1. Kindly provide the set of residues from the range 270-291 that are under 38 Å from the mean Cα position of the chain (by Cα), closer than 16 Å to W321 by Cβ and open to solvent by 30 Å² or more (accessible area, probe 1.4 Å), ordered by number.
2. Is it the case, given these coordinates, that T624 is of a type outside the set (D, E), assigned to a helix (DSSP H, G or I) and modelled with pLDDT of 85 or more?
3. With respect to the numbered conditions (1) among the polar types (S, T, N, Q); (2) within 22 Å of T378 (Cα to Cα); (3) over 23 Å from the mean Cα position of the chain (by Cα), which one is the sole condition not fulfilled by T565?
4. Quick check: is even one residue across the range 224-245 open to solvent by 50 Å² or more (accessible area, probe 1.4 Å) and on the phi > 0 side of the Ramachandran plot?
5. Is there any pair linking a residue in the range 156-184 that is more than 30 Å from A140 (Cβ to Cβ) to one that is outside any helix (DSSP H, G or I) and acidic (D, E), with Cβ under 7 Å and at least six apart or on different chains, and which?
6. Kindly provide the set of residues from the range 358-397 that are among the small types (G, A, S), open to solvent by 20 Å² or more (accessible area, probe 1.4 Å) and at pLDDT 95 or above, ordered by number.
7. Assess whether W401 counts as being of a type outside the set (S, T, Y), open to solvent by 40 Å² or more (accessible area, probe 1.4 Å), modelled with pLDDT under 95 and under 20 Å from W328 (Cβ atoms).
8. Evaluate the following for L420: is it open to solvent by 10 Å² or more (accessible area, probe 1.4 Å) and in contact (Cβ under 8 Å) with a residue 60 or more places away in the chain?
Amino acid sequence: MRRICDFILDERLRVVGGLAGLAIVVAILWPRPEANRPSYKTPLVFWRAGGMEPTYRDAIEQFERDNPDLEVIIGNAAIRNATDDPQRFLTGVAGGVPPDLIFFDRYALAEWASRGAFTPLDEFLKKDREELRQVEEQLAEARQSGDPQRVQDLAARLERMRKLLIDPKDFYPATWNEAQYDRDRDGRPEQYGIPAGCDNRALYYNEYRLVQEGFVDGSGKARPPRTWEEILTKRVEGVDGQVDRASLRSESADFVAAGVTKGDHISLRYNGITKLANVEEVVSARELKIRPKGEMPWNGRSGVTFKVFDGNGYLVKLSRWDRNGLLWRIGIAPVSWRAGNSWLYMYAWQNGGEFMSSDGRTCTMDAPPVVEALEWLTDCYDALGGYATVSAVESSYQGGWLDPFLTGRIVMRIDGNWFLVIAAQYRKDLEFGVTPAPMPAKELAKGREPISWLGGWAYAIPSTAKNKEGAWRLAKWMVSRDALILQENQRRDIATSQGMLFVPQLSPRYSINKEYYETYVEKNPQLPARFARAYEVFLDLLPRSLYRPVTPVGQLLWNEHRRATERALSHDTTSRAALERGTQVVQAQLDRVLAPPPGPAVPWTWILLAYGAGLALTAAGVVTYAYRKSQTKGYFRRQWYGGWAAATPWMIGFVVFTGGPMLFSLIMSFTQYDVINPAHWAGLENYREVARDPLFYKSLYNTAFMALGVPLGIVVGLALAMLLDANVRGLSTYRTLFYLPAIVPAVAASRRFLSWAIAAKWLSEKRCR
């Protein structure tokens, strides 16, 4: 018995038994997703970027109840921006494991549809119309034959089909056309997405502030601006100004002829710094008496760039600066994502500009109307004190009830219809209005109506989706009237239960927007009249809303247009130069897409075989050479074999994870590749493009600086450390001076520095006198 007990308690047996028991427990508790799913249910993978609202989930659950053969598996793109960086989606398409349906930004559909990432939906639309026609014919035959049961069944089926039928005529043209792309370039664009929502932009304005500053109509009500010139008008500009404490002189500008008067607004710029002032008096055609806003750092300085603006414009009169010249209230920030949502796209369209030619082959971002629009935007930011100043102020802005428009720090903003929801949630008592965004006066004089710009998302089916029929059924349901009304009713109930006003969203469909307005606006006595009027403005602008160009380089065009805007507003370069640079970048990429390199596809099979053969020959040569050179035998020969065996895992890892990727990167540098389509030889074109890019040389400089700076810093630091320990004359004094900055308190050091700065300023002013 004792031997049996010792055997049971043996350490090795206890370890084996414990591991076996753990394995049994894990096997029993291991989750089995397929166990609770009936055999007749087919999984349908749906990806949606960002969070998933409860109302959205409820609509999907209703779809599952109506389609018991499908089970929707909701996923997420798991990236910060599904449009700028859709890497997970692209690798899923390339690897054959994409979602069956994806919620994708409409303006980005064309870029990836041009590369074969999405399935054209025209056949699905045609099939549904044909099936509907057949059911209508069958219903007519059943009525003629007098079969009441068949008539009832067919009528119910026809009603369900009509509810889910996608009619392109019911969609606003801008929303429908934005999801099209002519991949074959035969003049017949294909539909790659079903619009799932839309949003456009208009001007929000604070009625109280406008009345306070005298911007009223004949009845004393707030009068918002209708033209760019009302917001800001530039009277004169010069680059040779001479400034002192109280005057501005220029030999080239004629202030009298330009109509400069007392109270006009001046923007002064020198050495990257912008300062503001008001006109106190027009002394002569060449001289102005000015009153700076805050301290003027230039005294007797010449070569100052200046702009004089009409002091009665909306932007100047509605903005506020403190006694030190710091901006604390903004009349309007034209290009902003913290204080609105508007970009150069909208202003260029308002001015009659376009970013792509009608045939989609030429980027026209540097066209004169676009340049003119960007120059006007630059003037607006100069009048506020510079782009850097406005950006610094905007960096403190927050959302929700601390939104700058709701707290009065922004008087006007161009924003989307979604901001109505925010205002209804947090400031339903706010005195505000909404009107179409101002246009250039010359464009209104041509008879053009105010426009807006529109965006939104769409449901698209990847080209390698496994359940395209199920994805089409889900897409049809999610844009149907029943699904949209279900979600909007739930949003209304949630808002009402929280004591907030409810403002409906905008739909890409005419019929849905009409029902939204009648149900949630017109028949809602709780909704204040100002919110109803604002909603009507956005509805009226929908037919006149433009959308971003449908092009295979849409994301690059958007990025370059933003980069050019920021460079011009920051005065890194001129508006024309910034747009010309962006145009060159976009056009180069567009040419590569429209005219890919004629080289053949890369023969990866032969490359891998050659790589493997080269490795095998190299290994054989090394082993043969080492074997012949080795004179050891017996025990030491076995040790020699053991050394090679121990080094083999590292060598395999190097070949697979280091050498292979290095060779792959080298080969890819001579090809054109977009992840989805096979790589094609491009020769030296990639290297020629890099040589034409000025950022390449800057990166080389930065790399060389780091390569030399880091070792040099280490050497200098080591030398200082060795010097501190050297036995030389005056070492104690040197140590004291070296450690003095760390010993002296920061307050004392700053006070001493301030004293030096005051003394230096006094001496410089005395010298100027």
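The values are calculated or read from the model by the stated rules, or taken from the named source; none is laboratory data. Computed from a predicted structure; not experimentally measured. As a convention, Cβ positions derive from the backbone with ideal geometry for all residues, glycine included, and neighbour counts pool all protein chains shown. The protein model used for the area step is the full one, side chains on, heavy atoms only, and it has no ligands, DNA or RNA in it. Shrake-Rupley method; radii C 1.70, N 1.55, O 1.52, S 1.80 Å.
1. Once the filter is applied, which keeps residues that are under 38 Å from the mean Cα position of the chain (by Cα), closer than 16 Å to W321 by Cβ and open to solvent by 30 Å² or more (accessible area, probe 1.4 Å), the range 270-291 yields I273, K275.
2. On the way: of a type outside the set (D, E): yes; assigned to a helix (DSSP H, G or I): yes; modelled with pLDDT of 85 or more: no.
Considered against the rule, which asks whether it is of a type outside the set (D, E), assigned to a helix (DSSP H, G or I) and modelled with pLDDT of 85 or more, T624 comes out as no.
3. Of the numbered conditions (1) among the polar types (S, T, N, Q); (2) within 22 Å of T378 (Cα to Cα); (3) over 23 Å from the mean Cα position of the chain (by Cα), the odd one out for T565 is (3).
4. No, the range 224-245 contains no residue that is open to solvent by 50 Å² or more (accessible area, probe 1.4 Å) and on the phi > 0 side of the Ramachandran plot.
5. Listed by first residue and then by second, the contacts come to Q180/E190; Y181/E190; R183/E190.
6. Our first condition is that a residue be among the small types (G, A, S); within the range 358-397, this holds for 358, 360, 367, 373, 383, 385-386, 388, 391-392, 395-396.
Filter once more, so that each one left must be open to solvent by 20 Å² or more (accessible area, probe 1.4 Å): 358, 367, 388, 391-392, 395-396.
Selection gives A367 alone.
7. Working: of a type outside the set (S, T, Y): yes; open to solvent by 40 Å² or more (accessible area, probe 1.4 Å): yes; modelled with pLDDT under 95: yes; under 20 Å from W328 (Cβ atoms): yes.
Taking the combined requirement at face value, the residue satisfies it.
8. Numbers: open to solvent by 10 Å² or more (accessible area, probe 1.4 Å): no; in contact (Cβ under 8 Å) with a residue 60 or more places away in the chain: yes.
When the stated conditions are applied, L420 does not pass them.
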